[in-house]
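The values are calculated or read from the model by the stated rules, or taken from the named source; none is laboratory data. Predicted model, so just to flag it, every value in this text is computed and none were measured. We place every Cβ from the backbone using ideal geometry, glycine too, and count neighbours over all the protein chains shown. All accessible areas refer to the heavy atoms of the entire protein, side chains included, with ligands and DNA or RNA removed. Shrake-Rupley method; radii C 1.70, N 1.55, O 1.52, S 1.80 Å.
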Amino acid sequence: AGESFDEIEEELLKPRITLPPYMYKMQEMMGNGIIQGRTVNIISFTSSGKSTHVNRMVYHWIFNSPVTPTIVSLEATAGQYMLEMLSVHLQQNFRWNSDANELIEFLKTENGQQIKQDLCFKEDGTPRFYLIDDRSGNIKDLEKQLEKLYRKHGSKLFVIDVLSDLLRGSSEDHAEDHMHFQRTMNKEGVTFINCLHTRKPTNSADGKEKKVTEYDALGTGSYVQSASYNIVLNRNKLAEDSLERNTTEVDLPKCRGGKTGSAGKWYYDFNTVACYDYDDFIEKNPRMVKTKLDF
């Protein structure tokens, strides 16, 4: 017991992984960020804004994380993922109304090559992050890759997008084994960010779609139970009002060592691909809010 008591200092001094500035409300609820060596679940139904906000987290981490991130991209190819990172970096929506050939030629210029260098490599030439988009292997093959990146390259922040897709169709034992793998790596200071899909939301008595909760996550219950933080995202993607349609509601139903509850709302600007805390955005853009007279 005495030896364990001596580990209090080590626990208190564990570094925190901060979040993008617009997520400051959630970061404050966590006690100023994610404690390194924890598992985080980001839970949402498809098209609820998950990829948008996870990608902003990743962009923040490749420049600000105390540890090197590795992204396991199961929804986007390496090319698709890097195009998204470039869009965030330059704050321009390259998937909307842009000339593909012009962008290709720009990336070949000295300016374009410098952007590649800044986005992908640190000042000392080492990678800012690693990207895995191999869909041919199984969960055990992936675990070997992650362990190698940790042992050989010091990567201690893994983003798995989407874990529930990776293990879909597997036996529950495989899922339980993988969560045991994550818990073991947690003890070595490795942080996991798991993106989880949910079952389709049901409708309430008035016909409106109910918000999904952490208990709607697909797969084994160990996903939700093993995590230190569960973040749930909801969005009315069919809303007529563009402000509502591009706003994601955030809940933090599990936050060990911090506060639970509503963690605010995040607004996504389609043209600049920038994200904002909803309240801050409305304060600066009050005309965006429609009154009853606008309908």
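Here are some notes:
- Condition check for N246: under 22 Å from Y59 (Cα atoms), open to solvent by less than 80 Å² (accessible area, probe 1.4 Å) and not hydroxyl-bearing (S, T, Y): yes
To keep it simple, each residue is scored yes or no on (1) open to solvent by less than 40 Å² (accessible area, probe 1.4 Å); (2) among the β-branched types (V, I, T).
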{"residue": "E147", "(1), (2)": "no, no"}
{"residue": "K156", "(1), (2)": "no, no"}
{"residue": "V159", "(1), (2)": "yes, yes"}
{"residue": "L163", "(1), (2)": "yes, no"}
{"residue": "E172", "(1), (2)": "no, no"}
{"residue": "A175", "(1), (2)": "yes, no"}
{"residue": "F181", "(1), (2)": "yes, no"}
{"residue": "N194", "(1), (2)": "yes, no"}
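Each row is one residue, and each column tells you yes or no for (1) touching a residue at least 24 places away in the same chain (Cβ under 8 Å); (2) of a type in the set (D, E); (3) touching a Gly at 6+ places or on another chain (Cβ under 6 Å).
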site: G31; (1), (2), (3): yes, no, yes
site: V40; (1), (2), (3): yes, no, no
site: G49; (1), (2), (3): yes, no, no
site: N55; (1), (2), (3): yes, no, no
site: H60; (1), (2), (3): yes, no, no
site: S65; (1), (2), (3): yes, no, no
site: E75; (1), (2), (3): yes, yes, no
site: G79; (1), (2), (3): no, no, no
site: V88; (1), (2), (3): yes, no, no
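- Residue among I35, I43, I139 that alone is farther than 26 Å from K265 by Cα and hydrophobic (A, V, I, L, M, F, W, C): I139
- Any hit, region 50-62, residues being closer than 22 Å to K152 by Cα, open to solvent by 40 Å² or more (accessible area, probe 1.4 Å), at pLDDT 95 or above and under 21 Å from the mean Cα position of the chain (by Cα): no
- Test: residue in region 29-41 that is in a helix (DSSP H, G or I), open to solvent by 10 Å² or more (accessible area, probe 1.4 Å) and touching a strand residue (DSSP E or B) at 6+ places or on another chain (Cβ under 7 Å): yes
- Region 153-234 holds helices (runs of 4 or more DSSP H) entirely within its bounds, and those carrying 1 or more residues that are farther than 17 Å from K254 by Cβ and aliphatic (A, V, I, L, M) map to 163-166, 172-186.
- Qualifying residue in region 250-265 (condition: closer than 25 Å to M185 by Cβ, open to solvent by less than 20 Å² (accessible area, probe 1.4 Å), assigned to a strand (DSSP E or B) and of a type in the set (V, I, T)): no
- Conditions (1) closer than 24 Å to E209 by Cβ; (2) surrounded by fewer than 20 Cβ atoms within 10 Å (Cβ to Cβ); number of the one not met by T18: (1)
- Filtered residue count, region 236-264, keeping only those that are in contact with a helix residue (DSSP H, G or I) (Cβ under 6 Å, 6 or more places away or on another chain) and small (G, A, S): 4
- Check on V212, buried (at least 23 other Cβ atoms within 10 Å of the Cβ) and touching a residue at least 24 places away in the same chain (Cβ under 8 Å): no
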